[in-house]
Amino acid sequence: MRFVYNLLMEKKFKIFVSWFLKELYGSLAYGYDIVAFVVSFGNWNYWTYQIKKFLNHEDKILEVGIGTGILHKNLINKKYQIYGCDLSEKMIKISSRRLKDKGPKILRTNNINLPFKNRSFTKIIATFPSEYIFSEDFLNEAQRLLKFGGELIVLLSVSFVKNDLISLLYRNLYKITGQSLSKLDSERVIRDLFGSNLDIKLIWEPYKNVELCFVTLKSK
């Protein structure tokens, strides 16, 4: 009975986490930055900033899922040529307010019918996106928008590599949200999605006490 009870409680907790994560883009959007700060010990924004290692100032960049606009603002401040979009009305309102003095080029839209011309961008980026990012519809849209040789770059997950108490706690928490995968699990996910497609690369970038998992996909 205890085993069954534990399974039920685990299932209920996962349902709650799923609901909570969904509402962070809706009714709870104004608390998104606080939650991100807490669950990362203040490192969330610094994790996302690491995507700059894959960018050049000559790139024309589209950020999909801009959220509250913190990364977007940082990239504008660093003089990158960047456009952004998000499906969430609340996120667009928050990011527009944050970016109001930056002349942002952002819009609310879904991720499979983006209002840009073919071959518009050299890089498309996303950080800790939801599952849409590897859907066939989105990948086809990304291929349409990317210039030949352009790249889709995704910060997929974070791996807590140390074995101290805090790292163990966060490792288990992030497993529930799907934002922390081991190297083997990450490689399995990518292999299952794309097989042996040589245009796909899985890149691990160390940052302090974690390793960040980036996935890159070159346009055909």
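Being over 17 Å from the mean Cα position of the chain (by Cα), surrounded by 13 or more Cβ atoms within 10 Å (Cβ to Cβ), modelled with pLDDT of 90 or more and of a type in the set (Asp, Glu) is a property that holds for Asp59.
The single condition among (1) in contact (Cβ under 8 Å) with a residue 12 or more places away in the chain; (2) over 17 Å from the mean Cα position of the chain (by Cα); (3) assigned to a helix (DSSP H, G or I) that Ile15 does not meet is (1). Quick one: would you say Glu141 is free of Cβ contacts under 8 Å to residues at least 12 places away in the same chain and not hydrophobic (A, V, I, L, M, F, W, C)? So Glu141 does not fit the description; no.
When Lys100 is tested against (1) in a helix (DSSP H, G or I); (2) over 23 Å from Glu151 (Cβ atoms), only condition (1) is not met. Output the residue which, of all residues in the range 74-91 that are buried (at least 18 other Cβ atoms within 10 Å of the Cβ), in a helix (DSSP H, G or I) and under 16 Å from the mean Cα position of the chain (by Cα), is modelled with the lowest pLDDT. Filtering first and then ranking leaves Met91. Residue-level analysis places Leu168 among those that are modelled with pLDDT under 85 and either in a helix (DSSP H, G or I) or among the acidic types (Asp, Glu) (or both). Here the condition is being surrounded by 15 or more Cβ atoms within 10 Å (Cβ to Cβ), among the hydrophobic types (A, V, I, L, M, F, W, C) and not in a strand (DSSP E or B); of Leu114, Leu107, it holds for Leu114 alone.
The values are calculated or read from the model by the stated rules, or taken from the named source; none is laboratory data. None of the values given here were measured: they were computed from a predicted structure. As a convention, Cβ positions derive from the backbone with ideal geometry for all residues, glycine included, and neighbour counts pool all protein chains shown.
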